[in-house]
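The structure under discussion appears below in the form of structure tokens.
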Amino acid sequence: MSERIKTMKLGQRAVALFIILSMLFILCVGVTSAFAAGSGVDGLFAFDNDDKNAQGLHLSSDVTRRNCELLCSETELGRRNTVRFVSLALSDILKNADDYGYMLYTVDTSPSISSPAELNKNLDEYLPDTPNAVYSCKNTVSRDFTDGYGNNVFENGKEGYTRYKYITLTVNNVPTDKYLVARFFVKLDGEYHYATYNSSYKACVYSANCYFQTLQPKVELIGHRGAMDMAPQDTLVAFQEAADIGYPSVEADFWVSESGDLLVLHDQFLWFCDAPTVDIKKVSAESRFKYPIRHGANPQNYETQYIPTVEELIEKVSSLDLTLYLHIKDADTSDAVFSRVIATLKRYNQFNKTVFVTSSKRCIQRLSGHGCRMCFLVPEPDAYSVDSAIDLCRKTKATRLMVRYFGGYPTDAQIKRAHSLGIKIGVYDAFLRFDISNLVKRDIDFLMLNKWK
């Protein structure tokens, strides 16, 4: 009997000990959670070290995974040794931050650093202890991340979606013999926090060997309707953005209205002005102010834009020192109109930096008598249309041919034939970097881009 009592007491003690240990464990977890939630920065940010696919600073676990994606960064080459760094950050983080911006470092080139990717892999080893400069973006204007039509990509009225903003920094006079490294930082409660990326994107790294640096001297880059991924297309701000980004050339479209005014717009009807039934030919230089441009990329980031006149366009691109590809939309444009445009170009010293673009045979034949530079456009390429366009350029003395990138055209043989006749040949509607790289290898002379990437 006594042995049974002893066994029962031992069992009861074990159960009691288990209960006590369980309560202590629960209490410890509760204290740890409370500490994390009440410790300032740790409550806002939690580094998800267990998630191999995680990038950037992460919000605490009560926020959805989609909202946890804080930052992505890249570099955009500018002309004249200028580079733009771009980051994407949650608006709520920026709103609560003491400061945010970029820390810039320079790293000497060496045989051990063969590429920007190599530098990124060993960033801690090569990066100096202190930055060369710190740039605060707290009081600068940041732009909402949109889909190109003014809609915020991550804010579609669905619960759990959030708003992101672009934070950009443009650096001029970048040394060509060094790597330039930009680390995006957020300062909260007096502490600095850096964006943490995967091994390939620990920081934005720029070098003289980066993609567009090597591309631009060889291939002329043309901003299609300006920087249409940054601002509403065919507007003065779109051409300003194109110059700021680094395009040496821009393309713009123009129509002749019934009043004789020359207006810059791509579509014949005013879709981008919320007036889809209004024909641009019925609009005058005076009545255009009835139709503010409401669509396109990020219209909310600029003062209200209106349809520019051709003279306003020419004045703008001349002040920005850009080459202008002026696309004639109406095939029946008269010689008198060409003479007016050419006179305006000469008045602003832009004539020698302008190329007239048309897809009309009649139009380019009329243009050939005005002594201007011309480019024939092939919007629906096939073997016959590209070959016949090369013949047309030869007959009319057009020095450029632009082909829509479709169906494998232009072919290597067509590029070689155009070059043998002294005709430069280019492409538009090539979107993928792989396609662009391939075209450059095939000796394309110019590219008209919808996106600077």
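Some points to look at:
- Phi to ³J(HN,Hα) by Karplus 6.51 cos²θ - 1.76 cosθ + 1.60 over the stretch 311-323, Hz, x for Gly, Pro: 5, 4, 4, 4, 4, 5, 5, 5, 5, 9, 6, 9, 7
- Antiparallel bridges, percent of DSSP beta bridges restricted to the stretch 218-449 (to nearest 5): 20 percent
- Other residues whose C-beta falls under 14 angstrom from the C-beta of G369 contribute a net charge of +4, scoring Lys and Arg +1 and Asp and Glu -1.
- Neighbour cut-off at most 16 other Cβ (10 Å), DSSP loop, GluC sites (Glu not before Pro), the stretch 218-300: E258, E286
- For the stretch 335-409, share of DSSP beta bridges that run antiparallel, in % to the nearest 5: 10 percent
A short reminder: the numbers here are calculations on the coordinates, not readings from a lab. As the structure is a computational prediction, the values presented were derived from the model and not from experiment. All Cβ positions, even for glycine, are placed from backbone atoms using ideal geometry, and neighbour counts span all protein chains on display.
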